[in-house]
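The values are calculated or read from the model by the stated rules, or taken from the named source; none is laboratory data. On a predicted model such as this, the values are computed, not experimentally measured, just so you know. Cβ sites come from the backbone with ideal geometry, for glycine too, and all protein chains shown count toward neighbours. What goes into the accessible areas is simple: the full protein's heavy atoms, side chains included, and nothing from ligands, DNA or RNA. Shrake-Rupley method; radii C 1.70, N 1.55, O 1.52, S 1.80 Å.
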Amino acid sequence: VMVEALGGLLGVGKEEIAMVGARLHTDIRFANLNGFCGVLVLSGETTAEAAASSADRPDLILQSLNDLASLL
């Protein structure tokens, strides 16, 4: 329900939504389960090593949120 509401509010499909976050087990898992692009930023609690060994797989890994600006 939340995914459909978000897509409707933004007027886009789920494949056009990116979930950006610093936690694998919440932010990236949410993206994975809902068909969003999962963007992990390493400026929070997650390390590159943890990301490499996690079942929750981000589509993109950035060092910080500042790195996102160049991709928009």
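Quick notes on this one:
- Seen from a random direction on average, the alpha-carbon convex hull of the chain projects onto 4.8 square nanometres.
- 222 nm mean residue ellipticity, helices alone, for the chain (DSSP H n ≥ 4; -39,500 (n - 2.57); rounded to 500): -7500 deg cm²/dmol
- J(HN,Hα) series, the range 6-21, from Karplus relation 6.51 cos²θ - 1.76 cosθ + 1.60, nearest Hz, glycine and proline x: 5, x, x, 5, 8, x, 9, x, 4, 5, 9, 9, 10, 9, 10, x
- Note on the chain: with neighbouring protein chains present and a 1.4 Å probe, carbon and sulfur make up 58 percent of its accessible heavy-atom surface.
- 3J(HN,Hα) couplings calculated from phi for the range 34-51 with the Karplus curve 6.51 cos²θ - 1.76 cosθ + 1.60 (θ = phi - 60°) are, in sequence order, 10, x, 8, 6, x, 10, 9, 9, 8, 8, x, 7, 8, 9, 4, 5, 5, 5 Hz; Gly and Pro show x.
- Remark: spin-label model distance Leu68-Glu4 equals 2.7 nm, labels positioned 7 Å along the Cα→Cβ axis.
- In this structure the chain gives 64 Å² per residue of accessible area when probed at 1.4 Å with all protein chains present.
- Among the GluC sites (Glu not before Pro) within the chain, those in coil by DSSP and having at most 10 neighbouring Cβ atoms inside 10 Å are Glu45.
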